[in-house]
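The values are calculated or read from the model by the stated rules, or taken from the named source; none is laboratory data. Just so it is clear, the structure is predicted and the values come from calculations on it, not from any experiment. Please note: Cβ atoms are built from the backbone with ideal geometry, for glycine as well, and neighbour counts cover all protein chains shown. What goes into the accessible areas is simple: the full protein's heavy atoms, side chains included, and nothing from ligands, DNA or RNA. Shrake-Rupley method; radii C 1.70, N 1.55, O 1.52, S 1.80 Å.
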Amino acid sequence: MSQSNPDSAPQLQLTKRPRRLRRNPSIRSLVSETKLTVDDLIYPMFVMEGENQRVEIVSMPGCYRYTLDLLLAEIAELYTLGIKAVALFPVVSESKKDDNGTESYNPEGLAQQAVRAIKAQTPETIVITDVALDPFTTHGHDGVIDENGVILNDETVEILVKMAVSQAAAGCDMVAPSDMMDGRIGAIRQGLDAQGFTDVAILAYSAKYASAYYGPFRDALDSAPKFGDKKTYQMDPANAREALTEVELDIAEGADMVMVKPALAYLDIIHQVKANCNVPVAAYNVSGEYAMIKAAAQLGWIDEKKIVMETLLSIKRAGADLILTYFAKDVALILHK
């Protein structure tokens, strides 16, 4: 009677061995379920007044406020890397702010000038403009306020329509209302169409949460609210069903694309939105998410490139068709190698 060799490996009878499809990089790439490409990325950029200046944002290492001349040079480089879409955010001087954000629809405003210059230089670049009043108001809120500090919805929407129309007249490809006022998508669509801008698309910030992840962005624009918070118009982080309601309303009012913001703490929302709508879904990998990775990388605690790629892949895997991210240029450089 033979005795078994105690040193021999057990002979498992397995018909399914998932590791067969992980054996080497070529096989793993062949069966990869989710692909991240430069075509998925939108680069948020900050433009400021002046000339020949690039100012790094302290809480967002590697991100800058650009004067228009240097912004144009950066956008030209981005286009060579395959980044075809930028989201534009103007840094407005305090002297141009007022309680109602009237500078937002000035045809010679900073954002409008930037749009015209970008489209003149690099017409193939998709320019997406922010539609919200907080960079333009003295109080830092996204809407008109009354004497009791209440954000007035309908009065705000009237100004947002003027803002969107002025941006469209400057030549933007998409307007992106980020204010979270009720009914603003329908009003903006009507306003654009009435002025002949039927081809200008609307990327709606449909599920924008009242999040603590926005801090560095407000540093970048000097747009932090001077009193209170934004919880009466931005969404409660506890709510998921409400996000689907907001998305449904925005699509019914004419949104061409919808967005979830932030991304990482709301991957479940991205997934649910994707499963419940038939328009492209964007997700915003916001400033706080960016800053945390940068800070940990500077301390040597993580491999920045690997973490960035894994993070953005997770957002894509959750269902996002497009990702707004401050890592866009870094990712484009990684993918080009």
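Observations, loosely collected:
- Contour excess over end-to-end distance, with Cα ends at residue 120 and residue 98 and 0.36 nm allotted per residue: 4.9 nm
- On the principal axes of its alpha-carbon atoms, segment 48-137 has extents of 41, 29, 21 Å, going from largest to smallest.
- Part-to-part distance (alpha-carbon centres) for segment 264-337 and segment 30-62, which is given in Å: 11 Å
- Here residue 336 sits with roughly 110 square angstrom of accessible surface, probe radius 1.4 Å.
- Here is the list for segment 34-84: GluC sites (Glu not before Pro) lying in DSSP coil, each with at most 14 other C-beta atoms within 10 angstrom of its C-beta, are 51.
- For segment 136-225, taking the reciprocal of the average inverse distance between every pair of different Cα atoms yields a Kirkwood hydrodynamic radius of 14.1 Å.
- Förster-model FRET efficiency, 30 Å R0, residue 35 and residue 296, C-beta, rounded to 0.05: 0.70
- The trypsin sites (Lys or Arg not before Pro) of segment 189-297 that DSSP puts in a loop, and whose beta carbon has at most 13 other beta carbons within 10 Å, are 226, 231.
- For the chain, the 222 nm mean residue ellipticity estimated from helices alone, with every DSSP H stretch of n ≥ 4 adding -39500 (n - 2.57) and the total spread over all residues, rounds to -11500 deg cm²/dmol.
- Approximate spin-label separation residue 275-residue 314, in nm, with each point projected 7 Å along Cα-to-Cβ: 1.9 nm
- More than 16 angstrom apart: percent of Cα pairs within segment 156-285: 62 percent
- Orientation-averaged projection of the chain equals 22.4 nm² [convex hull of Cα atoms, one quarter of hull surface area].
- Across segment 22-33, rounded Karplus estimates of 3J(HN,Hα) from the backbone phi angles (6.51 cos²θ - 1.76 cosθ + 1.60, θ = phi - 60°) give 10, 5, 8, x, 5, 5, 4, 5, 4, 9, 4, 7 Hz, Gly and Pro being marked x.
- Volume of the convex hull of segment 253-293 (Cα atoms only), normalised per residue: 70 Å³.
- By the Stokes-Einstein formula, at 1.002 mPa s and 20 °C, segment 230-313 with its Kirkwood radius over alpha-carbon pairs has D equal to 150 µm²/s.
- Where GluC sites (Glu not before Pro) fall in DSSP loop in segment 119-176, at most 13 other Cβ within 10 Å: 124, 147
- Using alpha carbons only: equivalent-ellipsoid semi-axes of segment 1-153, gyration tensor based, whole Å: 54, 22, 14
- With θ taken as phi - 60° and the Karplus curve 6.51 cos²θ - 1.76 cosθ + 1.60 applied, the whole-hertz 3J(HN,Hα) list for segment 86-93 is 10, 10, 9, 10, x, 9, 9, 5 Hz, x standing for glycine and proline.
- Debye log10 I(q)/I(0) at q = 0.13, 0.17, 0.21 Å⁻¹ for segment 134-188, Cα point scatterers: -0.32, -0.53, -0.78
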